[in-house]
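Report on the following structure.
Where a number appears in this text, it was derived from the coordinates with a stated rule and is not lab data. Because the structure is a prediction, the values reported are computed rather than measured. Virtual Cβ from ideal backbone geometry, glycine too; neighbours counted across all protein chains shown.
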Amino acid sequence: MFGYSGKVLHIDLTERKTWVEEKTEDWYKLWIGGVSMASRLCWENIKPGCDAYSPENPVCIANGVFAGTPVPVGGKYGLASKSPMTGFIGDSLSGSWFSIALKRAGWDAVVIHGASESWVNVFIDDQRVEFRDATKLLGLGTFETEEAIREALADDQVRSATIGPAGEKMVRYANVTNDGRQAGRTGHGSVWGSKKLKAVSVRGTHGIQVADPKTLNELSFNITKEAQGPHTSKYRILGTSTNVLNLNKLGLLPTRNYQEGVFEGVETISGEFLHEHNKVKTIACAQCPIACEQMSMVKAGPWTGAMTGIEYECLFANSSNLGIDDINTAIKLIHIADSSGMDAMSMGITISWAMETFEKGIFKKEDFKCEKFPEGFELTFGNSEAAVATAEMIRDREGIGKLLGEGTRIASLTIDEQRGSETYKWAMHSKGLEPAGYEARGLKTFSLGSAVGTRGPCHNRTAAYDPDIQGEVDRFSVDEKRGMLAKDTEEYAAVYDTLPLCKFIRRCFTGKADRAGAWPTIVKLINATTGWDLKYEDIDPIGERAHTIKKAFNIREGWKRSDDTLPYRWMHDPMTKGPSAGHFTSEEELEYMKDTYYEAKGWTKEGLIPKSKLIELGMPDVAEQIGV
Amino acid sequence: MTTTTSKFKNIECDPDLCIGCQICEYVCSYTKTGEYNTYRSRIRTVRVDEVLITAMACRTCDNAPCVTACPQDALSQDPATGIIHINAQKCDACAWCVEACDFGAISINPESRLAEICDQCEDQEDGPQCVLWCPKEALKLTTPEQEAQKARREALKSIKNEVLPKIPLKETTC
């Protein structure tokens, strides 16, 4: 078997023992890698109904089929656990060296069970596993942790996935970070924190062989060169932050906790402004010829020197959505999140909820008492100093930061219960996860895609905003096509998340990103790597299967139709300004679109999966457990 | 002590352009071994913080210290190209050359028990494969003197706008 070792490494932190599970070629053909394989391993290894912070919730790491080869943007791995944010599947992706080291160490996947009594750094040294004491690493930031491990092991080719101080203190939306990249969103960092797992380090020294290196090299060379052209210029030059101005023009830039979709201070937080004033250098994940990471630095004021990679989603959440028009503040906030290992989107949106709660008089100045501000401070929209102080309190879990570190859902439920308020009306989350930076009230297909997302509302797992923005459909109304569009876009994304390949390469195969443009090359890449004989028509089921196993996981955890919903604001408050003014997604519209979606998926009206569908996709064991 | 020279070509990396993708390492190891393994690459990407990244390979030093250090006389330097050649019969993997190199450009292959160093792909028709593949054109096969010449010209060009308005432009007749 090429492309795989055939082996999954199991590690038990409680007993400090390991074992190897061998998987068949047929199993790999179903689950391929990345998000799909990680979610499948989660299905196989979790105790259903367990608490996300219990030892029964495993950490499932699944490598990519192309990791360690020259296939552009193929150096990625999937990470899945039950999410403490949503109680459903938490599946993330991260790029760079970690996946490549793991591949060379000879493991297709790693499942980490149990919980350690003391802080531990698991070191996978090719075939050997060592449980290293991590006490000395506590309190170190993400990058510092990696460097300290490399120094201790005296090998700069050791790659680590780590948690920072936020994960140690179990900020609910803490991330896992490797090589400066994050496996973000659903709170993996706090799951690792609950296991006292500070880092997983890997040294892999073996070479990687593929079935047909000549073909693989030829295809990879051409894609690498194509990736220097117009198909990726958006990502290479300005990065995704170029969305700031574009979305503002459409009235879709979340502003002041998603109250509006246009921001008056947009010029000084744009990708163009960032490029001119703060950009230091563009860097890439390992194995990526595009390089989208815009390393940016604060060059003046109290936070001079703070530097991190800036992309659109983290940027909107920490600028327009806080009413902040100062790019330096945004960089500082994102730097706090990245260096301490927490999700900059969830952090920014939780702060914006707190700002609105303050402005509506429910939070008072004294709620924000801390060591730095013994009298507290006024957390108003646009107040940079207060925003930074709040982010630091979240990171340190100091004062009100402890509650805000639980995310928007828990924070608003707690405050409403304590104070009899109705902050849930502006708590921006669905299934407990804060949404992406696209105002879904002006994007009806995307509002459906967000509501039905298996890990919550997410721009990465569905590109349902695409038909809305491209004008393929009327973005302000609903019709019977939306269900099929939501299915098509989420399953298209799932193919990339499973291989995994970064979606930024999608136009570099033939110039066209649709299935007809991308799948033929992807088939050749898989076959040249593995020696399989996949056909064009085998690709779509890879995405559908990946999406279905996540949905099946959720059903087993108690998902019901009413969980596919949107934040209250998106369903009740029309925007008042800009090109999307007057619009929101009513309950009637959403329920209608959900009907069209469940039908397109071949599911029941209640959103459950028929046994026949699961058997057709090659998972009879899943059909047995949750099929109807 | 290292003595680089301006006369031999070597693989140069521009750290401003290098994005740290390591594609050079995959291609190098494949070209030399048929496998993708950055441990077997003769060019190595180095990253010391978030933005300080470059790739390094043999600098073809004058009076190469690795050659001097070898107790077995297994290393020799091609007088025309500066490339270091390794005599597989003599090399016993003692790693003195590795220690002698200030640029970390030599490694020992634990399987073949031989020293490995960049040979600029002298057996490849289209030259160094890393240069061919580098997506950002950060890698070049060049000499330090050629780079210095280029730097001088670039420096002058960069002050063009300051200099030109002060020079009265003459009408050209040719």
For region A:465-593, compute the orientation-averaged projected area of the C-alpha convex hull (one quarter of its surface), in nm².
10.1 nm²
For B:LYS157, list the lysines whose Cα falls under 21 Å from its own Cα; do not include residues on the same chain fewer than 8 positions away.
B:LYS166, B:LYS170
Rounded to 0.05, the calculated FRET efficiency for the beta carbons of A:MET1 and A:LYS402 at R₀ = 51 Å is 0.55
Near A:LYS560, which aspartates and glutamates are there with a Cα under 13 Å away, not counting those fewer than 8 places off in the same chain?
A:GLU606
Taking amide H positions as placed in the peptide plane 1.01 Å from N, state which residues far from A:MET342 in sequence (5 or more) or on other chains have amide H under 5 Å from it.
A:ASN175
In order through region A:10-27: 3J(HN,Hα) via Karplus (6.51 cos²θ - 1.76 cosθ + 1.60), integer Hz, x for Gly, Pro:
9, 10, 10, 6, 5, 8, 6, 9, 9, 8, 10, 10, 9, 10, 7, 4, 4, 5
Would you list B:ARG44, A:ARG515 from fewest to most Cβ contacts within 10 Å?
A:ARG515, B:ARG44
R0 of 60 Å, Cβ-Cβ distance B:GLU122-A:ARG419: FRET efficiency to nearest 0.05:
0.20
Sticking with the crude label model, points 7 Å out along Cα→Cβ, report the distance from B:THR81 to A:GLU276 in nm, one decimal please.
4.9 nm
Which of the trypsin sites (Lys or Arg not before Pro) found in region A:252-299 are in a DSSP loop and have at most 12 neighbouring Cβ atoms, other than their own, within 10 Å?
none
Please tell me the relative contact order of chain A in percent, rounded to the nearest whole number, where contacts are Cα pairs under 8 Å and at least six residues apart.
15 percent
Taking every eigenvalue of the Cα gyration tensor of region A:222-426, multiplying by 5 and rooting it, what semi-axes result, largest first, whole Å?
32, 18, 15
For region A:267-328, the percent of all C-alpha pairs falling in each 5 Å bin, from 0 up to the bin holding the max distance, is 4, 19, 26, 26, 15, 7, 3, 0
Strictly over 23 Å apart at the Cα level, which of A:LYS550/A:LYS611; A:LYS234/A:LYS481; A:LYS214/B:LYS32; A:LYS23/A:LYS103; A:LYS103/A:LYS281 would you flag in this model?
A:LYS234/A:LYS481; A:LYS103/A:LYS281
Amide H neighbours of A:LYS17 under 5 Å, counting only residues 5+ apart in sequence or on other chains, H built in-plane at 1.01 Å?
A:ASP12
On a 0 to 90° scale, report how tilted helix B:144-158 is relative to the longest principal axis of chain B, with both axes built from alpha carbons and the result rounded to the nearest 10.
30 degrees
Size of electric dipole in region A:43-127: Cβ of Lys, Arg +1 and of Asp, Glu -1, about Cα centre, debye, nearest 20:
260 debye
Dipole axis of chain A (+1 Lys, Arg; -1 Asp, Glu on Cβ), positive-most option in A:GLY399, A:ILE290, A:VAL266
A:ILE290
Assigning unit charges at the beta carbon (Lys, Arg +1; Asp, Glu -1) and nothing else, what dipole magnitude in debye, to the nearest 20, does region A:239-292 show about its Cα centre?
200 debye
Partner chain coverage, peptide A:62-71 - average Cβ within 10 angstrom:
2
Relative contact order %, region A:349-402, counting alpha carbon pairs below 8 Å whose residues are six or more apart:
30 percent
Take each of the peptides A:128-138, A:335-345, average the number of other beta-carbon atoms within 10 Å over its residues, and list them starting from the highest.
A:335-345, A:128-138
Any idea what diffusion coefficient region A:7-203 gets from Stokes-Einstein, in µm²/s, Kirkwood Rh on alpha carbon pairs, 20 °C, 1.002 mPa s?
133 µm²/s
Pull up the cross-link candidates among the aspartates and glutamates for B:LYS7, meaning alpha carbon to alpha carbon under 15 Å and not fewer than 8 places away within one chain.
B:ASP62, B:ASP78, B:GLU145, B:GLU147
Expected integer from the mean partner chain Cβ neighbour count at 10 Å over B:28-37 is 5
Estimate the FRET efficiency between B:ASP49 and A:VAL628 by the formula 1/(1 + (r/R0)^6), using the beta-carbon distance for r and 56 Å for R0, to the nearest 0.05.
0.55
Chain A: DSSP helices with Cα axial extent of at least 15 Å and average Kyte-Doolittle hydropathy no lower than -1.0
A:34-45, A:142-153, A:213-226, A:327-340, A:344-359, A:384-396, A:408-419, A:482-498, A:515-530, A:539-556
Using only the alpha carbons of chain A, what is the convex hull's orientation-averaged projected area in square nanometres?
24.8 nm²
Ellipticity estimate at 222 nm from DSSP helix runs (n ≥ 4, -39,500 (n - 2.57)) divided over chain A, nearest 500
-11500 deg cm²/dmol
How do B:143-151, A:467-475 rank on mean C-beta neighbours within 10 Å, highest first?
A:467-475, B:143-151
Kindly list the residues of region A:85-99 that lie in the label zone of A:SER54, defined by a backbone N under 20 Å from the point 7 Å along the Cα-to-C-beta vector.
A:85-91
Highest first, please rank the peptides B:152-162, A:178-188, A:357-367, B:21-31 by the mean number of other Cβ atoms sitting within 10 Å of their residues.
A:178-188, B:21-31, A:357-367, B:152-162
Distance from the Cα centre of region A:203-279 to that of region A:365-424, in angstrom?
32 Å
